[in-house]
There are 2 protein chains.
Amino acid sequence: MPAEAQRRIREEAAAVGAPTLTSFVFENLRRDIIAGIHAPGEKLRVEHIRAEFGVAASTMREALARLVSEGLVTAEGQRGFRVAPMSLADLRDITRLRLILETEALVESIRAGDVAWECQVVAAIHNITRAEERIGSMKAEDFSHWEECNKEFHRALGAACTSPRLQQLVEILYRQHERYRFQSMMRSAEDSGGTTRLRRNVHAEHEALMKAALDRDEDAARRILADHIQITADTFERRLAAIGEPKAKRAGRKAAGDSAVA
Amino acid sequence: MPAEAQRRIREEAAAVGAPTLTSFVFENLRRDIIAGIHAPGEKLRVEHIRAEFGVAASTMREALARLVSEGLVTAEGQRGFRVAPMSLADLRDITRLRLILETEALVESIRAGDVAWECQVVAAIHNITRAEERIGSMKAEDFSHWEECNKEFHRALGAACTSPRLQQLVEILYRQHERYRFQSMMRSAEDSGGTTRLRRNVHAEHEALMKAALDRDEDAARRILADHIQITADTFERRLAAIGEPKAKRAGRKAAGDSAVA
DNA sequence: TGCGGAGAAAATATCGATAAATTTTCGTTT
DNA sequence: AAACGAAAATTTATCGATATTTTCTCCGCA
């Protein structure tokens, strides 16, 4: 009954307001990859996921092509697609570029930002503060909500930047980084028996960042953001390295090859 | 006779050694866009180019998706594809990012580069020198060869950089920039009656750049490269602005809408 | 036992056709 | 004559099926 699955997908896509089936599939698969449902390095057999999503091969293929452009999937001509591998080197690479680009976007925002931008930033940090209060409950849901707020705060910081390309690159890098963020969180949760703790004084860093931004202190803001990004990455690195090999969440027929965080 | 066109395309693709029909179409269309054969903002009707290339719609579509990820084509859900517009603001945006990223890549190369890297750089500049000698003949072909050498030189400078992402971004930005480069060259050629002259002392800049790189003088190299990129962009900007509206090279049925270098 | 290659199985890339949306055309009404 | 809206025509997005390539398997041979 392909018509069945097809109708379901189509309805779901329409419900979310996806302009196109392809973009719906794209978003979903992206989420799955970030969440580690497809392990790094795992082969993505078009025929399989195509069936899973209930769409045609060419639709699936186009969604995959988009993921390739986001760096979450790799493609080798005539040899299909696979989930982009993860590695410490890769995390460092992402971090390095985030350092360069996000600080640049922030500085530009500080120069060009108007009051509306300031409001965005203040609102975002307020949101985080609230989320942090709730996080005491240690529920995974609250934590992922905090993640969302954190993401929004970072976006707000660079929102006044006038370069569309710069913003886009920052966005893409953040998404790639999110995969590591997610892994790190999972590991941490496993370690502490299902709950998650906020590491170090993230809140203070955010406050300082906001203050520098509102004071239009470019140098301070740049420095603080750089430290923030670097420290975050270091934390992840330690966590991932400490626990060692990642386990494939839902092992396909054969284990996912060579990819490893190690 | 679709089988005819199909066979021809396939042979041609095989001859160039393209791993896939899609990638062949992708490369060709990219060249066409950079060369202005498809004007900025022009609508790319899948059905048309599909027929022109002699491939199926889904193949064409995948090639277009890749071009979207390179920023040379834009796509709006349910409303098809069009050539990415060009504008002064866009040129400035590209330039800004090139300034950030290429200098970073260069500095990294200087830190990490070994003798093999030095050789690449020296070889590349020698190549340019030879090309510059030939350029006296004022033939368009020689000029485009010089362009190729110039591109190679820039690539060589960043080749020792250890960040794959950084290299990739630099590459993509250079390609986007190439479109402006090409336009600028065409205008210049029209103005001077079909021939092209080398502007200013590019050669001296290249020499200085190489020297700083080989001396491992990060600061000097960064400064020179930044100036080099900025000056190049300024030159293009002046040329394009001076001559005004771009003319669609091969006007489709209707003029290509709003896009303009102005 | 281990190597190499023919053949089968699976997966990829590509095609031609269809359904859904867009844009255009053209007649009608105020 | 302008504006509106419905039907036609074009175009996009999607599908199901096919041809080609890669991968796996298994058998013969040194």
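Could you say whether any residue in the stretch A:32-45 is part of a helix (DSSP H, G or I), farther than 22 Å from A:Glu178 by Cα and within 11 Å of DNA strand C (Cβ to nearest atom)? No, the conditions are met nowhere in the stretch A:32-45. Screening B:Gly71, B:Gly54 for residues that are among the small types (Gly, Ala, Ser), modelled with pLDDT of 95 or more and not assigned by TED's automatic domain parsing to the domain that holds B:Thr162 leaves exactly one candidate, B:Gly71. Residues in the stretch A:8-41 that are free of Cβ contacts under 8 Å to residues at least 12 places away in the same chain, more than 14 Å from every other protein chain (Cβ to nearest Cβ) and of a type in the set (Asp, Glu): A:Glu11, A:Asp32.
Inspect the stretch B:49-61 for any residue being away from DNA strand C (no atom under 12 Å from the Cβ), surrounded by fewer than 17 Cβ atoms within 10 Å (Cβ to Cβ) and free of Cβ contacts under 8 Å to residues at least 24 places away in the same chain and give the result as yes or no. Yes: the stretch B:49-61 contains one or more residues that are away from DNA strand C (no atom under 12 Å from the Cβ), surrounded by fewer than 17 Cβ atoms within 10 Å (Cβ to Cβ) and free of Cβ contacts under 8 Å to residues at least 24 places away in the same chain.
Kindly indicate whether A:Thr22 is in contact with an Asp or Glu (Cβ under 8 Å, 6 or more places away or on another chain) and open to solvent by less than 40 Å² (accessible area, probe 1.4 Å). Steps first, answer last, please.
Working: in contact with an Asp or Glu (Cβ under 8 Å, 6 or more places away or on another chain): yes; open to solvent by less than 40 Å² (accessible area, probe 1.4 Å): yes.
Yes; evaluated as a whole, the condition is true for this residue.
For residues in the stretch A:71-82 being open to solvent by less than 20 Å² (accessible area, probe 1.4 Å) and under 15 Å from the mean Cα position of the chain (by Cα), which is nearest to DNA strand D (Cβ to nearest atom)? My answer is A:Val73.
Filter the stretch B:103-112 down to the residues that are touching a helix residue (DSSP H, G or I) at 6+ places or on another chain (Cβ under 8 Å) and among the small types (Gly, Ala, Ser) and list them by number. B:Ala105, B:Ser109, listed by residue number. Inside the stretch B:83-115, residues that are open to solvent by less than 10 Å² (accessible area, probe 1.4 Å) and within 9 Å of chain A (Cβ to nearest Cβ) make up a count of 4.
Looking only at residues that are of a type in the set (Gly, Ala, Ser) and out of contact with any strand residue (DSSP E or B) (no Cβ under 9 Å at 6 or more places or on another chain) in the stretch A:62-90, which one is farthest from DNA strand C (Cβ to nearest atom)? Quick ask: steps written out before the conclusion?
So in the stretch A:62-90, the residues of a type in the set (Gly, Ala, Ser) come out as A:63, A:65, A:69, A:71, A:75, A:77, A:80, A:84, A:87, A:89.
Still in the list and also out of contact with any strand residue (DSSP E or B) (no Cβ under 9 Å at 6 or more places or on another chain): A:63, A:69, A:71, A:77, A:87, A:89.
Details: A:Ala63: 13, A:Ser69: 15, A:Gly71: 18, A:Gly77: 5, A:Ser87: 22, A:Ala89: 26 Å.
This residue is A:Ala89.
The values are calculated or read from the model by the stated rules, or taken from the named source; none is laboratory data. Predicted model, so just to flag it, every value in this text is computed and none were measured. In this analysis, Cβ positions are derived from the backbone assuming ideal geometry, glycine residues included, and neighbour counts consider all displayed protein chains. Accessible surface areas use protein heavy atoms only, side chains included; no ligands, DNA or RNA. Shrake-Rupley method; radii C 1.70, N 1.55, O 1.52, S 1.80 Å.
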